[in-house]
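The values are calculated or read from the model by the stated rules, or taken from the named source; none is laboratory data. Worth saying up front: this structure is predicted, and the values here are computed from it rather than measured. Cβ: placed from backbone, ideal geometry, glycine included. Neighbour counts: every protein chain shown. Surface areas here come from the heavy atoms of the whole protein model, side chains and all, with no ligands, DNA or RNA. Shrake-Rupley method; radii C 1.70, N 1.55, O 1.52, S 1.80 Å.
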Amino acid sequence: MSEFLEIFKQYHWDDVKASIYNKNHIDVEEALHNPKRGLEDFKALVSPAASAYLEPMAQLSHQLTQKRFGKTLQMYIPLYLSNECNNICTYCGFSLDNKIKRKTLSPLEIMQEVSVIKNMGYDHVLLVTGEANQTVHVDYFKKVLDLIRPHFSHISMEVQPLDQEDYEALIPLGLNTVLVYQETYHQEDYKKHHPKGKKSNFEYRLATPDRLGRAGIHKMGLGVLIGLEDWRTDCFFTALHLQYLEKTYWQTKYSLSFPRLRPFSGGLEPKVAMNDRELAQLICAYRIFDEEVELSLSTRESASFRNHIIKMGITSISAGSKTNPGGYTVEPESLEQFEISDDRSPQEIAQMIKNSGYEVVWKDWDQVL
């Protein structure tokens, strides 16, 4: 069976980058007016030339989102189970070479966290760990899913990439969605940022969505860490990957995230900065390119930006997030994976959403339609 790796090898990073930066206003206008858009249109929409078209892009993105998703916004919250990690990643607070206190939540501690999260109103939880196979392994995930499944209608997971048979074992236990971010599609720079650990295997990580698709996952999430490389080129490869997956595993649903590099203990300065206007452009470009994909925005972004961007194509948003294991009750002062920016409570976010004319969905709509 063919995999995305075969398609990926047909593209050269520098050629793609040059193609994007050579797009002009005519290309942008054609992309905005094409009834069916392809990858060349996406290049135009993320190009510097499209920055002058943000207003019509925002209007079109808004219309397309309303048509497909209506006036609803899904809310989710991360639950960090462990900060143990065998990888060295230059941008992450959980990196093996960071001298921090390591913690993996026990069943009792998990249920303490679940109790707080449920009291906030959530019915959709995202389980997050570092990548430490000796402690947060498949058997641990099975126990966690068995423990929390009665309390949530939708369970997502962002952990180390697993083999296909592992996903096949977890899905019947209540696993609905898996997020796996490539971090960057620039293969040489990927190696620089992931010098040690299983995560250093670029091709194994790149093939994870294929393993998820074959396992029959309900939904998967893609994305890159914006700031590691040229964001326009990286996001083209994300779009290329998304297009392939939608054609190959058409029964699976897809979401995209666009995390910008945030400060952490020992912090990495972004190689490429992206301002708010450019992030808005990217969000609109993804929506115009793909009307079906869900677009998710985390608390990495500022309150002001999140207030304004929800009408431009976002379909899910987190609130009240803690990015450390036990952050809600057990160990609120332990080291976070990264600093959040929007620290408003879920109730404040829900009120902001309602004030914007939207309905708050506390669980994944796929489970209720």
State whether the residues of segment 73-83 include one that is without any contact (Cβ under 8 Å) to a residue 24 or more places away in the chain and β-branched (V, I, T). no
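Restricting to segment 74-86, name every residue that is within 21 Å of the chain's Cα centre (by Cα) and either on the phi > 0 side of the Ramachandran plot or not in a strand (DSSP E or B) (or both). Please lay out each step first, then the result.
We begin by selecting, within segment 74-86, every residue within 21 Å of the chain's Cα centre (by Cα); these are 74-85.
Of everything in segment 74-86, those that are within 21 Å of the chain's Cα centre (by Cα) and either on the phi > 0 side of the Ramachandran plot or not in a strand (DSSP E or B) (or both) turn out to be N83, E84, C85.
I'd like the residue in segment 277-320 that is of a type in the set (A, V, I, L, M) and open to solvent by 20 Å² or more (accessible area, probe 1.4 Å) and, out of all such residues, is nearest to Q74 (Cα to Cα).
Of segment 277-320, the ones of a type in the set (A, V, I, L, M) are 279-280, 282-283, 285, 288, 293, 295, 297, 303, 309-310, 312, 314, 317, 319.
From what is left, the residues that are open to solvent by 20 Å² or more (accessible area, probe 1.4 Å) are 303, 312.
On the way: A303: 17, M312: 15 Å.
Among those that are of a type in the set (A, V, I, L, M) and open to solvent by 20 Å² or more (accessible area, probe 1.4 Å), it is M312.
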Taking interchain pairs and intrachain pairs at least six residues apart, which have beta carbon atoms under 6 angstrom, with the first residue in segment 8-31 and over 21 Å from L54 (Cβ atoms) and the second of a type in the set (S, T, Y) and modelled with pLDDT of 95 or more? V16/T233; K17/T233
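Residue-wise test of (1) surrounded by fewer than 22 Cβ atoms within 10 Å (Cβ to Cβ); (2) under 21 Å from the mean Cα position of the chain (by Cα); (3) not β-branched (V, I, T).
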position: S19; (1), (2), (3): yes, no, yes
position: N22; (1), (2), (3): yes, no, yes
position: L32; (1), (2), (3): yes, no, yes
position: M57; (1), (2), (3): no, no, yes
position: Q63; (1), (2), (3): yes, no, yes
position: T72; (1), (2), (3): yes, yes, no
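Is it true that some residue in segment 261-272 is buried (at least 19 other Cβ atoms within 10 Å of the Cβ) and closer than 22 Å to P48 by Cα? It would help to see each step written out before you state the result.
Here is the first cut: in segment 261-272, the residues buried (at least 19 other Cβ atoms within 10 Å of the Cβ) are 261-262, 264.
Retained after the next criterion (residues that are closer than 22 Å to P48 by Cα): 261.
Looking for residues that are buried (at least 19 other Cβ atoms within 10 Å of the Cβ) and closer than 22 Å to P48 by Cα, one finds at least one in segment 261-272, hence yes.
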Considering only segment 239-254, I want to know if a residue exists there that is in a strand (DSSP E or B) and either over 21 Å from N176 (Cβ atoms) or touching a residue at least 40 places away in the same chain (Cβ under 8 Å) (or both). yes
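Does Y122 count as closer than 29 Å to S345 by Cβ and either touching a residue at least 40 places away in the same chain (Cβ under 8 Å) or among the small types (G, A, S) (or both)? Even if it seems obvious, please write down each step before you answer.
On the way: closer than 29 Å to S345 by Cβ: yes; either touching a residue at least 40 places away in the same chain (Cβ under 8 Å) or among the small types (G, A, S) (or both): yes.
So Y122 passes the test.
Filter segment 321-334 down to residues that are open to solvent by 10 Å² or more (accessible area, probe 1.4 Å) and in contact (Cβ under 8 Å) with a residue 40 or more places away in the chain and give me whichever is farthest from H154 (Cα to Cα). Explain how you work it out, then say what you get.
Initial filter on segment 321-334 (open to solvent by 10 Å² or more (accessible area, probe 1.4 Å)): 322, 328-334.
Right, trim to in contact (Cβ under 8 Å) with a residue 40 or more places away in the chain and you get 322, 328-331, 334.
On the way: K322: 19, Y328: 19, T329: 22, V330: 23, E331: 25, S334: 27 Å.
Top of the filtered list is S334.
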